[in-house]
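The values are calculated or read from the model by the stated rules, or taken from the named source; none is laboratory data. Owing to the predicted nature of the structure, the values given are computational and were not obtained by experimental measurement. Cβ placement follows ideal geometry from the backbone for every residue including glycine, while neighbour counts extend to all protein chains displayed.
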Amino acid sequence: MFNNNRNSKSESKAILPSSNVNIIGSGTSIQGDIVCEGDIRIDGQVNGLVSTKAKIVVGPEGEITGDLVCQSADILGKVTGIIKVDELLFLKGSAFVKGDVYTAHFEMEPTAKFNGRCYMEADDNEGVKDKHEKSFFKEEATTGEEA
């Protein structure tokens, strides 16, 4: 009787989903894209796309050369590339970002540095070309109405 209960408990623990946190440690260098479902923390170097449906944290020693796509992000290290965040992008401490940002909410500490353009429109963040085309068509439509 007790053996059956113990087995069923251990089986239920094995079936339960575990927290999916991915860590790229300090001293680790990755050349290529990273695509994952869970949170990811980068304390090493990544040269490529980093994409997740969850949160990305770039530690103080972390460095990414490539694009970021995620639900939310805390950046304390260096990112060179386009950042697309569905919710909150938070640049903390000595963060350095060089590239365009597409986000719903943006927060930046006074010690962080950001060089690029920031887009905070309600439309989907589909890229710079799409943004320019939309604004061009809006201007053209306005001009056409006035004439």
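Some points to look at:
- Qualifying residue in the range 65-83 (condition: surrounded by fewer than 18 Cβ atoms within 10 Å (Cβ to Cβ), closer than 20 Å to TYR119 by Cβ and over 12 Å from the mean Cα position of the chain (by Cα)): yes
- Of all residues making up the range 30-48, the number that are under 12 Å from GLY62 (Cβ atoms) and not acidic (Asp, Glu): 7
- Residue within the range 77-87 that is β-branched (Val, Ile, Thr), modelled with pLDDT of 95 or more and outside any strand (DSSP E or B) present: yes
- Selection within the range 26-40 - in contact with a Gly (Cβ under 7 Å, 6 or more places away or on another chain) and either small (Gly, Ala, Ser) or part of a loop (DSSP other than H, G, I, E, B) (or both): SER26, GLY27, THR28, SER29, GLY32, ASP33
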